[in-house]
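Each reported figure results from applying straightforward, stated rules to the coordinates on display, with no laboratory input. Owing to the predicted nature of the structure, the values given are computational and were not obtained by experimental measurement. Cβ: placed from backbone, ideal geometry, glycine included. Neighbour counts: every protein chain shown.
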Amino acid sequence: MDGPPEGVVRTPAESLAEAYDLLAAGRPFHAHEVLEDAWKSGPAAEDALWRGLAQLAVGVTHAARGNAGGAVRLVERGAANIAPYAPAAPYGLDVPALLEWCARARARIERGTPVDLAPPPLPHW
């Protein structure tokens, strides 16, 4: 199954929508690639935001592959990176909802419960 082409510059809305669709389709690694492209091409002031979103997708990837330790670490890192954006998150992101999703995902992973691959709450216009 091929993923999206790498190195594509998308608008933030396009990046979020494509990542959401990929996550919803159970393709978290491919969502990570889209979010990583946004991180690399976006403004420096948003590096942590896009890096955090990409880390959440990688965390889901690790969970799906049975790597609980790696999944927890990535979800924690992703949460830490996006948390500072909660007061004024760009692009319609609901950072508090994302942080709640992170807490639930971490708890499920730590309990050994299969992680629901439902996507984090990203805007998907």
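The number of residues in the stretch 6-52 that are under 19 Å from PRO84 (Cβ atoms), among the charged types (D, E, K, R) and without any contact (Cβ under 8 Å) to a residue 40 or more places away in the chain comes to 2.
If you go through the stretch 6-28 and keep only what is surrounded by 14 or more Cβ atoms within 10 Å (Cβ to Cβ), of a type in the set (S, T, N, Q) and farther than 19 Å from VAL58 by Cβ, you end up with nothing.
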